[in-house]
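I have placed the structure first, in the form of structure tokens, so that the comments after it can refer back to it.
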Amino acid sequence: MISNNGTSGSAAPTAAPLGANGHAHRFEEVESVTIRFAGDSGDGMQLAGTQFTNTSALAGNDVATFPDFPAEIRAPAGTLAGVSGFQVHFAATDIHTPGDDLDALVAMNPAALKTNLRDLKPGGILILNTDGFESSDLKKAAYKTNPLDDGSLKGYKIIRVPVTKLTREAVKECGLTPREQDRCKNFFALGLVYWMYERSLETTLRWVREKFKKPEQLPTMEANTKSLKAGYNYGETVEVMPVQYKVGKAKIAPGTYRKITGNEAIVLGLVAATQLANKPLIYASYPITPASSVLEGLAELRRYGVKTFQAEDEIAAVGVAIGASYGGAVGVTGTSGPGVCLKSEGIGLAVMTELPLIIVDVQRGGPSTGLPTKTEQADLLQAMFGRNGECPVAILAAQTPSDCFDIAFEAVRIATRFMCPVFLLSDGYIANGSEPWKIPVIADLPRLEVKNATQPNSDGWTGTGHESGAEGEGGGAGKFLPYRRDELLARPWAIPGTPGLEHRIGGIEKQDVTGNVNYEPANHEHMVKTRAQKIENIALTIPDLAIHGDADANLLVIGWGGTYGSITTAVERTRRRGLKVAQAHLRHLNPMPKNTGDVLKKFKKILVPELNSGQLSWLLRAKYLAPAEGLNKIQGRPFLVSEIEAAIEKALA
Amino acid sequence: MAASSPLPTLTTKDLTTDQDVRWCPGCGDYSILAQMKKALGTLGVPREKIAFVSGIGCSSRFPYYMNTYGFHTIHGRAPTFATGLRLANPDLQVWVVTGDGDGLSIGGNHLVHALRRNVDIKVLLFNNEIYGLTKGQYSPASRIGTPSKTSPGGSFETPVRPLSLALAAEATFVARTIDVDPQHLVAILQKAAAHKGSAFVEIYQNCKIFNDGVFEYATEKSVKSDNVLYLEHGKPMVFGKDRNRGIRLNGLKPEVVTIGKDCQLDDLLTHDEVAEEPTLAYLLSRFAHDDSPTAVNPFPEPVGVFRTVRKPTYEEQLNSRVAEAITKKGKGKIEDLFKAEDVWTVE
């Protein structure tokens, strides 16, 4: 019997219809299933997984996905390095992660079997493409004996399917080359999986019709349709398994939903926030994994007035974004860690000139080129400190794929309200992972009011005695003072082209209020403190840090960014087992919510799970002298829920 | 020779800020600043529509002294900020002020790409063939043999030829002028301003402190007419104190000839600044002053407009793509964007 991901699902066999071959046939209802499609990077596993996700979401499940692919576009076929996987967790309950271990694994070749088998639960379903297990394939995956025959797979429910042969047979009349025929085998496997979980083919068939709609693509469209149906029918006809599994609809809040990845959500968030703020969006970026899909997504949105710019390098990208902000647009640049390194001087200039700027950092494993396609949370301290001089910026971190939408709004709000750079930290895990997203009602979205200076502002300024002891140069009525600040210390945003506000800004230290070049010792100290205080003032405009779970617990589990799902699930499960645990999650990393210190003081023990060596722990200890203990994983992979559960149990033991 | 000029709308005083100018006494930058104010005065562009963007170096202090919008950015990156500014605000006339270190060394990449894209910015490269603000190290434009603090015994690196580089980068407007030739300088600035697309102007600029006299051959009254070729569109290439020398093409090789002796006026190369192919301009960009005693018939260095062709600018193309997308499918509404993928409703 298939297990159901650790939760106590009720297995309820339903009425037994007859299968196509007349055998009695059972349906079994389960609460959730985790399945992974694994194959060569050319096998179309990402597509199969995406299609399965869409279908499951449309069927009313809650879903969470985890695509995992190599950095090489096409590593030598059949090798361990070339294995690409896509994991889907779909459930009749509310879920927060793509699942720890697998109920079912589809392995298209020995390499995929070898690299993924360890994640399959004992007794799990293993679908193998037997055509992929020739001796040359086994050799490439460094198998000495054939796992199909050597008994090593005992303990799993093995479904042996000659996928390649059956696919070729199914599409033989479509007029494709043998190579093209073989490219349909992912859909055969997908069809089979659809049968296993009693899913409709309609969503995928519609996608095929749409994707291959040009007349010359007709053979491809037909072949994909046929292979998908052939896979489904194979399941039904051959009765590869005595049961089919059903995962019911999840109880989700009413509303209209779509599936969304983190990077898609950033795209939508940036566009919506700037449109509602009535400000043009200019996104300048240099392609880099795993941030490129933000640039690609925005490039498609010209009719929404979005302008994208593919720069010659990372430095140019941040320069164009800052120049765009200087020109009155919301300038955004997107990258990953190595790109942030190159942008740091530009970010310093935006701090110094006090211009809005958003830096989207979709983190990946580092240092240097590191693990381009794997996730990590190791850029927090880089965002915090990675520039010369005293150079504070605002830092936000998205916690789920759909939170990327909300955090993009918050980034636009802070950048334009406070005239400062804002880091938007995401990571490879939530950038590529997906979940259902409740489409917001436009009227409920925040409308950011962005003000630009329209006239001179020197009235009432005497030209003396600002805290810096700034001298009186530049005083007098009818002048524009680019660094005359408001109550939160933000300076006015005057757009070139506005008559009467001509002014000069730059990276050299400047006198407060007038913005004139100034090297006086007291002025510099005043300006350094003013820029820092301005960033601190952001805390006056953000919500307090909330405590979830048991507020009177001894243990607080506090995290940031994409670990939210795993931490939340672990806290839920340990509490269900009777442990007292509190949870808090930071979306604002600089400044942190103003009650953060008070929250930390309430707990004897503080556990900080992070996909790095302890960067948030470091900050919490430094800032609040809090006894933060890290749970650190640096493997390029997200936390398993069980890993955090174990740490919670240990902390409370 | 001056471009058709509308009535001056701005005086030098209008364009002067209250900041003290801090260049060294005798620096060529003073003249460039003064001529820039004169040139802008004739364009009929209000000063709020003008922005100066610079990088780092002596020349890059320029924006602080112009009472327009100004942005003093970071080393070498001025073209990127200027590009962003143009994308956000295509009504502005954007000038980039850079030097041979800023524009050719640390910022060489951005210069190449801004020119290639034909972003509508006017790049003024003040070339003094030395690092001034860091106090006298050789630059990528320094002539071989230039003695400096970091090239004891003289530099031995092959220098960049700024105009050859600009032409190779597909720049649509390429010109050269000299700091101490005010009339020519004003005229070139006016032409650069009038050009639609990237304009690249190399300005020979004397550094009084660290490289004094490096362009003397082109500025000293007694010798300059023998060493400088003033380019005029449609005119034969004639130069020299006695206006009796010229440039002739011998196969693919240009040569200096004497009119009346080696050839007639008709045999000389005629300047064509609007030629579609930049071949002639490139050939001219290779002419370099040679004062070695063994030089036979050395080439004069051309000044003036090498190339000016009209091509769609980056902004024009991007804006028309945006407009096209809106015409074709209608202006995008966020509601539709949210629902661009499959959606489902939970009751």
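The values are calculated or read from the model by the stated rules, or taken from the named source; none is laboratory data. Not measured: the values here are computed from a predicted model. Note that each Cβ is placed from the backbone with ideal geometry, even for glycine, and that neighbours are counted across all protein chains shown.
Say we look at the range A:292-319 and pick out the residues that are assigned to a helix (DSSP H, G or I) and at the interface with chain B (Cβ under 7 Å from one of its Cβ atoms); which of these is farthest from residue A:353 (Cα to Cα)?
Per the stated criteria, the residue is A:303.
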Take residue A:106 and decide whether it is within 22 Å of the chain's Cα centre (by Cα) and either in a strand (DSSP E or B) or assigned by TED's automatic domain parsing to the domain that holds residue A:209 (or both).
no
Could you go through the range A:558-575 and let me know if any residue there is crowded, with 17+ Cβ neighbours inside 10 Å, in a loop (DSSP other than H, G, I, E, B), out of contact with any helix residue (DSSP H, G or I) (no Cβ under 7 Å at 6 or more places or on another chain) and not hydroxyl-bearing (Ser, Thr, Tyr).
no
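Are any of the residues in the range A:399-410 in contact with a His (Cβ under 7 Å, 6 or more places away or on another chain) and in contact (Cβ under 8 Å) with a residue 40 or more places away in the chain?
Yes.
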What residue, among those in the range A:463-504 that are modelled with pLDDT of 95 or more and among the β-branched types (Val, Ile, Thr), is farthest from residue A:355 (Cα to Cα)?
A:498
Selection over the range A:210-263 where residues are within 14 Å of chain B (Cβ to nearest Cβ) and either free of Cβ contacts under 8 Å to residues at least 60 places away in the same chain or under 17 Å from residue A:176 (Cα atoms) (or both) yields a count of 3
Spot the failing condition for residue B:45; the list is (1) touching a strand residue (DSSP E or B) at 6+ places or on another chain (Cβ under 6 Å); (2) of a type in the set (A, V, I, L, M, F, W, C); (3) within 25 Å of residue A:349 (Cα to Cα), and only one is missed.
(3)
Could you go through the range A:43-56 and let me know if any residue there is in a helix (DSSP H, G or I), surrounded by 24 or more Cβ atoms within 10 Å (Cβ to Cβ) and of a type in the set (A, V, I, L, M).
yes
So, of the residues in the range A:495-547 that are closer than 20 Å to residue B:95 by Cβ and among the β-branched types (Val, Ile, Thr), which turns out to be nearest to the chain's Cα centre (by Cα)?
A:495
Hey, any hits in the range B:253-270 for a residue that's under 27 Å from residue B:166 (Cα atoms), surrounded by fewer than 12 Cβ atoms within 10 Å (Cβ to Cβ) and out of contact with any Asp or Glu (no Cβ under 6 Å at 6 or more places or on another chain)?
yes
Does at least one position in the range A:230-242 carry a residue that is more than 25 Å from residue A:110 (Cα to Cα) and not polar (S, T, N, Q)?
yes
Does the range A:313-324 include one or more residues that are surrounded by fewer than 21 Cβ atoms within 10 Å (Cβ to Cβ) and in contact (Cβ under 8 Å) with a residue 12 or more places away in the chain?
yes
Verdict on residue B:114 being more than 8 Å from chain A (Cβ to nearest Cβ), closer than 17 Å to residue A:315 by Cα and among the aliphatic types (A, V, I, L, M)
yes
Candidates A:607, A:616, filtered to the one that is closer than 21 Å to residue A:548 by Cβ, among the hydrophobic types (A, V, I, L, M, F, W, C) and in a strand (DSSP E or B)
A:607
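Yes/no matrix, rows are residues, columns are (1) facing another protein chain (nearest Cβ under 8 Å); (2) of a type in the set (Phe, Trp, Tyr); (3) in contact with a Gly (Cβ under 9 Å, 6 or more places away or on another chain); (4) exposed (fewer than 13 other Cβ atoms within 10 Å of the Cβ):
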{"residue": "B:294", "(1), (2), (3), (4)": "no, no, no, yes"}
{"residue": "B:306", "(1), (2), (3), (4)": "no, yes, no, no"}
{"residue": "B:328", "(1), (2), (3), (4)": "yes, no, no, yes"}
{"residue": "B:337", "(1), (2), (3), (4)": "yes, no, no, no"}
Look at the range A:267-284 and say how many of its residues are more than 8 Å from chain B (Cβ to nearest Cβ) and without any contact (Cβ under 8 Å) to a residue 60 or more places away in the chain.
3
Output yes when any residue across the range A:80-94 is at pLDDT 95 or above, surrounded by 16 or more Cβ atoms within 10 Å (Cβ to Cβ), assigned to a loop (DSSP other than H, G, I, E, B) and in contact with a Lys or Arg (Cβ under 7 Å, 6 or more places away or on another chain), and no when none is.
yes
Can you name the residue in the range B:17-32 that is touching a residue at least 12 places away in the same chain (Cβ under 8 Å) and hydroxyl-bearing (Ser, Thr, Tyr) and is also farthest from the other protein chains (Cβ to nearest Cβ) among such residues?
B:31
Taking the residues in the range B:58-77 that are facing chain A (nearest Cβ under 7 Å) and part of a loop (DSSP other than H, G, I, E, B) as candidates, determine which candidate is surrounded by the fewest Cβ atoms within 10 Å (Cβ to Cβ).
B:67
If I ask for residues that are surrounded by fewer than 22 Cβ atoms within 10 Å (Cβ to Cβ) and among the hydrophobic types (A, V, I, L, M, F, W, C), which ones from the range A:209-229 would you list?
A:212, A:218, A:221
Does any residue of the range B:172-179 turn out to be under 18 Å from residue B:313 (Cα atoms), in a strand (DSSP E or B) and in contact with a His (Cβ under 7 Å, 6 or more places away or on another chain)?
yes
Only one of B:80, B:177 is within 14 Å of chain A (Cβ to nearest Cβ), polar (S, T, N, Q) and surrounded by 18 or more Cβ atoms within 10 Å (Cβ to Cβ); which?
B:80
Scope the range B:33-57; condition in contact with a helix residue (DSSP H, G or I) (Cβ under 9 Å, 6 or more places away or on another chain), within 13 Å of chain A (Cβ to nearest Cβ) and not in a loop (DSSP other than H, G, I, E, B); matching residues
B:40, B:47, B:50, B:51, B:52, B:53, B:54
Does the range B:308-325 hold any residues that are surrounded by 15 or more Cβ atoms within 10 Å (Cβ to Cβ) and either at the interface with chain A (Cβ under 7 Å from one of its Cβ atoms) or of a type in the set (Asp, Glu) (or both), and which are they?
B:315, B:316, B:318, B:322, B:325
Wholly enclosed strands (runs of 3 or more DSSP E) of the range B:229-347 bearing at least 1 residues acidic (Asp, Glu):
B:253-258, B:301-308
Based on what the data block shows, is residue A:631 out of contact with any Asp or Glu (no Cβ under 6 Å at 6 or more places or on another chain), at positive phi and not assigned by TED's automatic domain parsing to the domain that holds residue A:370?
no
Restricting the range A:320-360 to residues that are of a type outside the set (Asp, Glu) and part of a loop (DSSP other than H, G, I, E, B), which is farthest from the other protein chains (Cβ to nearest Cβ)?
A:336
